[in-house]
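Engineer: Got a structure for you, written out below as structure tokens; questions coming shortly.
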Amino acid sequence: MRRRAGAPGQAYTGAAEATSRVVAMIGWNAFALLAAINFAPPATPPTPEQVMAIPPELKQRVHEEVVNPTNSLEQRLQRLIDLVFQPQRLDAKADPDAALQYDTAATLTIAEAWSQHRANCLSFTLLFVALAREAGIEARVQEVGQVVMWYQEQGVVYNAGHVNVGLRINGRRATLDLDQNVLYDRRGPHLVSDQRALAHFYNNRGAELLAAQQIEAARAHFRMALAQEPRFAPAWNNLGVLESRSGDTAAAVRAFDNALAIAPDLPSTLSNASALYRRIGDDQRADRLEAQLQRERERDPFYQFMQGVEAERRADYPTAIHYYRRAVRLYGTAHQFHFGLARAYSLSGDNRRAARELEQARTLGNSDRLRAIYQAKLDTLRRLTARHGGH
């Protein structure tokens, strides 16, 4: 789901800040199916060893360009980031096109991602974790429950699943994230096992295959995901969707029930399961799940924010203000939410409240660049307000 909005993004802080917090990547929804996709992965699931295998030539480069030149873990991390994103910084003759590029549809093994020079958040995370460990750096996969991300041209994307890299160097923790425009939920990233990370991989590929109507291949991937992590609710949810589409209602009910037993508040499962129960005539249970879904949405600041974005796109500014205010009440430290509210106030002609929200956004901005952007917008708004006599 992509939506237009004018929220400013977070600046890419660059590799030099890798030991504090490097902002950089997010991929497509690992908890819900894509509506359409142009690429379907191979039908036979790779083994976990095949997913994580580092090609020999890449392993050699890690040792020659990252490990051998220095014993400093911080310098190794810097050099590893350069190897992945800016190879010409290590070798002037290196091809800039060999740098890793972001591709939302690229759920690839490490070898595939490196050879094709593309990756989504999951493939990037698996690749970087494996290379960091090869370089002697402590690295693990981190999972984020929900995110909102901004793209300059494509608008706003509400995403219910995300992974990134968690690092530990000399007692300090850091996060490496390939998307420069992302807002985490309040819980933020948390470390997960390698098995759960692989469950994400097989689940993503299964969703891609299901979108391509390769039912048996998708089922095999979902089963592989659950073999890695039996309590991986997103895979149970997607398996329920598959069985429902295949006409096996009993299997779909079992899959959705398993998902809800593990994660009772997972919105995708609540939505899918309620639709199935409605279709088979179990209106009582459908009503209960729909009511639960509505309760989850009411306390989800990201959902409220996206409702505001939708209203703003329709030029329904009173409704946009209503939802943006609810998002702010639920997640008051998100500068992006205050900026959305400021924008809606301004478009509705209330520049006084718009300025107040812009001031809040500026205060909460997490970089000098962002604070400067908000200050410039605030100065412009104040000049326009003065020119038009306070309106």
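The values are calculated or read from the model by the stated rules, or taken from the named source; none is laboratory data. Small disclaimer: the values here were computed from a predicted structure and weren't measured. Using ideal geometry, Cβ is built from the backbone for each residue, glycine included, and neighbour counts are taken over all protein chains shown.
Engineer: Take ALA372 and decide whether it is assigned to a helix (DSSP H, G or I) and touching a Phe, Trp or Tyr at 6+ places or on another chain (Cβ under 9 Å).
Structural biologist: Values: assigned to a helix (DSSP H, G or I): yes; touching a Phe, Trp or Tyr at 6+ places or on another chain (Cβ under 9 Å): no.
Criteria not met by ALA372.
Engineer: Continuing with the same structure: Looking at (1) touching a residue at least 24 places away in the same chain (Cβ under 8 Å); (2) touching a Ser or Thr at 6+ places or on another chain (Cβ under 9 Å), can you tell me which one SER268 breaks?
Structural biologist: Going through (1) touching a residue at least 24 places away in the same chain (Cβ under 8 Å); (2) touching a Ser or Thr at 6+ places or on another chain (Cβ under 9 Å) one by one, SER268 breaks only (2).
Engineer: Just wondering, is there one or more residues in the range 208-223 that are under 17 Å from LEU260 (Cα atoms), modelled with pLDDT of 95 or more and either of a type in the set (A, V, I, L, M, F, W, C) or in a helix (DSSP H, G or I) (or both)? Steps first, please.
Structural biologist: If we filter the range 208-223 for residues that are under 17 Å from LEU260 (Cα atoms), which is where we start, we get 222.
Now narrow it down to the ones that are modelled with pLDDT of 95 or more: 222.
Retained after the next criterion (residues that are either of a type in the set (A, V, I, L, M, F, W, C) or in a helix (DSSP H, G or I) (or both)): 222.
Checking the range 208-223: at least one residue is under 17 Å from LEU260 (Cα atoms), modelled with pLDDT of 95 or more and either of a type in the set (A, V, I, L, M, F, W, C) or in a helix (DSSP H, G or I) (or both).
This table checks each residue for (1) touching a helix residue (DSSP H, G or I) at 6+ places or on another chain (Cβ under 6 Å); (2) modelled with pLDDT under 50; (3) assigned to a loop (DSSP other than H, G, I, E, B); (4) at negative phi.
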site: PRO42; (1), (2), (3), (4): no, no, yes, yes
site: GLU57; (1), (2), (3), (4): no, no, no, yes
site: GLN60; (1), (2), (3), (4): no, no, no, yes
site: VAL66; (1), (2), (3), (4): yes, no, no, yes
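Engineer: Being in a helix (DSSP H, G or I) and in the same structural domain as LEU209 (by TED's automatic domain parsing) is true for just one of ALA327, ALA250. Which residue is that?
Structural biologist: Of the residues listed, the single one that is in a helix (DSSP H, G or I) and in the same structural domain as LEU209 (by TED's automatic domain parsing) is ALA250.
Engineer: For residues that are among the aliphatic types (A, V, I, L, M), surrounded by 19 or more Cβ atoms within 10 Å (Cβ to Cβ) and part of a helix (DSSP H, G or I), tally how many sit in the range 262-281.
Structural biologist: Adding up the residues that qualify gives 3.
Engineer: Please list, ordered by first then second residue, the pairs with beta carbon atoms under 6 Å, 6 or more apart or interchain, first in the range 317-333 and on the phi < 0 side of the Ramachandran plot, second surrounded by 20 or more Cβ atoms within 10 Å (Cβ to Cβ) and among the aromatic types (Phe, Trp, Tyr).
Structural biologist: ALA327/PHE305; ALA327/PHE337; VAL328/PHE337
Engineer: Which residues, counting only those in the range 114-129, are surrounded by fewer than 22 Cβ atoms within 10 Å (Cβ to Cβ) and under 16 Å from THR47 (Cα atoms)?
Structural biologist: Going through the range 114-129, the residues surrounded by fewer than 22 Cβ atoms within 10 Å (Cβ to Cβ) turn out to be 115-118.
Matches in the range 114-129: none.
Engineer: Okay, next question. Select, from GLN292, GLN284, the only residue that is out of contact with any helix residue (DSSP H, G or I) (no Cβ under 8 Å at 6 or more places or on another chain) and assigned to a helix (DSSP H, G or I). Quick ask: steps written out before the conclusion?
Structural biologist: On the way: GLN292 fails: out of contact with any helix residue (DSSP H, G or I) (no Cβ under 8 Å at 6 or more places or on another chain).
Of GLN292, GLN284, the one residue that is out of contact with any helix residue (DSSP H, G or I) (no Cβ under 8 Å at 6 or more places or on another chain) and assigned to a helix (DSSP H, G or I) is GLN284.
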